[in-house]
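The values are calculated or read from the model by the stated rules, or taken from the named source; none is laboratory data. As the structure is a computational prediction, the values presented were derived from the model and not from experiment. For neighbour counting, all protein chains shown are included, and Cβ atoms are generated from backbone atoms with ideal geometry for every residue, glycine included. Heads up: the accessible areas ignore ligands, DNA and RNA and are worked out on the full protein's heavy atoms, side chains in. Shrake-Rupley method; radii C 1.70, N 1.55, O 1.52, S 1.80 Å.
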Amino acid sequence: VWAESNETRGQIEDTVLYGYYTLYSIILFCVFLWIPFVYFYYEEKDDQTKCSQVGNALKYTVGFVIVCVVLLLIGAFVPLDPPPSTNSTQWEKVQYLFEELGSSHGLPALSFSISSLTLIGMLAVITYTAYGMSVLPLNMIKGTRSVAYELLENTDEIEDVEQQIEKLKAKCKDGRPLSSRDRRSLQTLEGKLQVLQRRGRHLEIAERNCCTKVGSALRPLKIMLGVFFIVVALVFIVSLFISNLDKALHSAGISSGFIIFGTNLTNPLNELLLVLQPVFPLDYILITVITVYFVLTSMAGIRNMGIWFFWIRLYKIRPKKTRPQALLFLCMILLLIVLHTSYVIYSLAPQYVMYGSQKYLAESHAPQQGETTGNFTTRVCDADAPQDQCVVTRSYLFLHKFWFFSTIYYFGNWVFIGVFLVGLVVSCCRGKKSVIEGEVEADDSDMSDDEYVH
């Protein structure tokens, strides 16, 4: 009944829109002000007073604020007139979507900023989530190596390295100095011996740890969860492939951001969300599950790869030994990944994100129970529906205010599928990981290792 009144519908649309304004503004505040400030505050904490720490952190944070202001200004004044299209019918629908929200500069400015962050989130999804979706379930299925076997193997390696060190030291027993090559070899072997000894201490602790024993007892449950996660990942990839293929065949083209109205190919996740939406809150529960799944797989990818900037590894993510700056980076990456999840859900379920389960009354001239005219039938909202009968969701307008972002996201989905398949092959070829995977590295300090152990 409430949908019959245009005024009531307008109020609901504005309320949802203001909600997006608020939430997206909080994201901009966290990404461009709060997280950079805290990061640089801890970077400058050595031998400085609180005031100087705050001053230096604010000085560096100003750069991020300037970037945010530039993005807002670009979004407010960039021309939204799309390039001409040869398909006038489809293009009129695209123009309607671009112009529906009015001429206010507030939405384009915020949409451009959020879309720019979503673009960075897409890179994080391709880098970490695509790999995590394969490595997390396969690691759970394969499990870890035996602690006892690893201890025995580590002991043998220690004995072998010690013998090599003794051989090198034996060369200088008569007072002759070692050659430069032997000295380098001796330093390398001594460093390797320290790593092996630290590794042995960690393995001994893992052998006594009750969590290791509980993990062995829960092995069947881990295998079941791993199989479930890999099935979910394959469903995601299949749905994403079908959606991208649908856009490639039936969208308005690259100049419109591959915008598609409705679905022409059956997409399992899209159909499932449409079925669940009328029963509140089942569709929200499924979206929450999808988001949590993306977060878990992203954390698995970051945990296995570390935090990289191109070919430079900035930080490692390890239990009890992760730097505060790495945790801040981790939070920002996860925030951007969750932000990109909005577009991923659209890619998986375009009909659901555009119109949901909205329906409208359409006049039908087919005879029904003796009547020949004036009959009305209920139809699902799609591109053929009258513009005043179906309302496009506010989230869809935020995502597709700028067509070129949608084009980049479309090609990013193909890259995501490719990276997942490569990661799946790599994860299958790799053997079981160590029970202390990532806890001992060659560049660790003995002091930090002792603090961790004791």
* **Model label zone, residue 309; criterion: amide N under 14 Å from point 7 Å along Cα-to-beta-carbon; scope segment 321-351** => 325-326, 329-330
* Structure fact -> Between residue 315 and residues 5 or more places away or on another chain, the pairs with built amide H atoms under 5 Å apart involve 307
* Asked: What ratio of Cα Rg to 2.2 N^0.38 Å holds for segment 152-194?
  -> 1.23
* Asked: About its Cα centre, what dipole magnitude does segment 230-356 give when the only charges are +1 on Lys and Arg Cβ and -1 on Asp and Glu Cβ, stated in debye to the nearest 20?
  -> 1000 debye
* Evaluate the distance, in nm, between pseudo-label points positioned 7 Å from the Cα of residue 163 and of residue 232 along their respective Cα→Cβ axes. => 4.9 nm
* Would you grab the residues whose amide H sits under 5 Å from the one on residue 359? Only those 5+ places off in sequence or on another chain, please, with H modelled 1.01 Å from N. => 381
* Asked: Hey, with R₀ at 22 Å, roughly what FRET efficiency would residue 54 and residue 331 work out to, going by the Cβ-Cβ distance, to 0.05?
  -> 0.60
* Structure fact -> The set of residues whose placed amide H lies less than 5 Å from the amide H of residue 253, leaving out same-chain residues fewer than 5 positions away, is 258, 259
* Asked: Can you give the net charge of the other residues whose Cβ lies under 11 Å from the Cβ of residue 144, counting K and R as +1 and D and E as -1?
  -> +4
* What translational diffusion coefficient, in µm²/s and rounded to a whole number, does the Stokes-Einstein relation yield for segment 146-299 at 20 °C and a viscosity of 1.002 mPa s, taking the hydrodynamic radius as the Kirkwood radius over Cα pairs? -> 98 µm²/s
* To do: Heavy atoms only, probe 1.4 angstrom, no DNA, RNA or ligands counted: give me 214, 440 ranked by accessible area, highest first.
  => 214, 440
* Vicinal HN-Hα couplings computed from phi for segment 130-135 (Karplus, 6.51 cos²θ - 1.76 cosθ + 1.60; Hz; Gly/Pro x) -> 4, 6, x, 5, 9, 6
* With the calculation restricted to Cα positions, what are the radius of gyration and Dmax of segment 166-234 in angstrom? -> 22.9, 67
* Tell me, what ³J(HN,Hα) does each residue in segment 327-332 have, in order and in whole Hz, if you take phi through Karplus 6.51 cos²θ - 1.76 cosθ + 1.60 with θ = phi - 60° and put x for Gly and Pro? -> 5, 5, 4, 4, 4, 5
* Asked: Going down the table (316/432; 192/433; 167/432; 320/433; 59/401), which pairs top 25 Å between alpha carbons?
  -> 167/432; 59/401
* Structure fact -> Given a Förster distance of 56 Å, the FRET efficiency implied by the Cβ-Cβ spacing of residue 219 and residue 70, rounded to the nearest 0.05, works out to 0.60
* Structure fact -> Of every Cα-Cα pair in segment 309-348, the percentage lying beyond 14 Å is 60 percent
